[in-house]
Amino acid sequence: APTARLVPAPDQVAAGDLGARVASAGAPAEIAALSDAFNRMTGDLEAQQTALRAASEEAQGRSRFIETVLSGVSAGVIGLDRRGRISAINDSALQLLGIVDPEVRGQALAAVSPELSDLVKRVEAHIEEDIDVVGDGETRRLRVRIEGGQGGEMVLTFDDITRLVTAQRNAAWRDVARRIAHEIKNPLTPIQLSAE
């Protein structure tokens with residue numbers, strides 16, 4: 001009878017019932033020891049499975065949190081795995097790079113953005129650089145920051161600085177025009193005074 005109680009228990013565990021236990025009361029010492037060992041094993045498996053479920057739920061929660069944060073960021077963010085494939089990308093990155101198909105996860109960065117891929121090839125640890133990206137018939141100037149991880153993963157963050165560069169260029173030209181006007185006006189004043 002003690003052996004008969006032990007026989008169906010492994011099948012219950014195999015079917016997913018980690019709460020299966022074998023009663024060892026009234027069994028011979030060897031069978032009782034075997035039953036107790038089986039009960040400890042299923043108890044450990046149940047505890048490990050509960051811990052794995054909790055860790056999985058926590059990881060999913062973190063993943064959802066990160067996706068929520070990234071979706072609200074105005075900067076483009078791309079995560080790359082060790083092989084240079086896109087593991088994460090936010091909506092701002094899709095928009096800044098002019099990517100129509102949002103399902104680019106798993107694709108090589110070179111296929112999605114050759115300009116960024118060329119920059120990534122030169123990175124060892126981290127870099128910050130401005131590059132021009134052509135998309136939708138227009139050229140955008142992006143300030144790109146790349147941080148490399150120890151395992152070969154990388155995170156790219158970039159902002160559109162096209163307007164900033166244009167404003168700086170316009171300010172520089174305004175300054176040049178002001179100086180030229182000043183240089184032209186300076187000799188005219190003494191001539192005007194002499195003429196008067």
### Summary
Taking the range 165-189 and keeping residues within 30 Å of LEU70 (Cβ to Cβ) and either open to solvent by 90 Å² or more (accessible area, probe 1.4 Å) or without any contact (Cβ under 8 Å) to a residue 12 or more places away in the chain (or both) leaves THR166, ALA167, GLN168
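Here is a check on your reading of the model: is PHE65 of a type in the set (A, V, I, L, M, F, W, C), touching a Gly at 6+ places or on another chain (Cβ under 8 Å) and farther than 30 Å from LEU18 by Cα?
Values: of a type in the set (A, V, I, L, M, F, W, C): yes; touching a Gly at 6+ places or on another chain (Cβ under 8 Å): no; farther than 30 Å from LEU18 by Cα: yes.
It is false that PHE65 is of a type in the set (A, V, I, L, M, F, W, C), touching a Gly at 6+ places or on another chain (Cβ under 8 Å) and farther than 30 Å from LEU18 by Cα.
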### Task
Kindly provide the set of residues from the range 97-128 that are charged (D, E, K, R) and modelled with pLDDT under 80, ordered by number.
ASP101, ASP118, LYS121, ARG122, GLU124
### Task
Can you work out which of the residues in the range 10-39 that are exposed (fewer than 15 other Cβ atoms within 10 Å of the Cβ), part of a loop (DSSP other than H, G, I, E, B) and among the hydrophobic types (A, V, I, L, M, F, W, C) is modelled with the lowest pLDDT?
ALA25
### Summary
Residue hits (the range 138-164; farther than 16 Å from LEU96 by Cα, open to solvent by 70 Å² or more (accessible area, probe 1.4 Å) and at pLDDT below 80) are GLN150
#### Entry: Identity of the residue in the range 76-101, in contact (Cβ under 8 Å) with a residue 40 or more places away in the chain and assigned to a helix (DSSP H, G or I), that ends up nearest to GLY152 (Cα to Cα)
ALA93
## Note on the structure
Those residues of the range 162-196 which are in contact with a strand residue (DSSP E or B) (Cβ under 7 Å, 6 or more places away or on another chain) and of a type in the set (A, V, I, L, M) amount to VAL165
### Message
If ASP118 meets every condition in (1) closer than 14 Å to LEU156 by Cβ; (2) in contact with a strand residue (DSSP E or B) (Cβ under 6 Å, 6 or more places away or on another chain) apart from one, which number is that one?
### Response
(2)
### Hits in the range 91-111 (condition: under 17 Å from ASP132 (Cα atoms), open to solvent by 30 Å² or more (accessible area, probe 1.4 Å) and not aliphatic (A, V, I, L, M))
GLN95
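The values are calculated or read from the model by the stated rules, or taken from the named source; none is laboratory data. These numbers come from a predicted model, not from an experiment. Please note: Cβ atoms are built from the backbone with ideal geometry, for glycine as well, and neighbour counts cover all protein chains shown. What goes into the accessible areas is simple: the full protein's heavy atoms, side chains included, and nothing from ligands, DNA or RNA. Shrake-Rupley method; radii C 1.70, N 1.55, O 1.52, S 1.80 Å.
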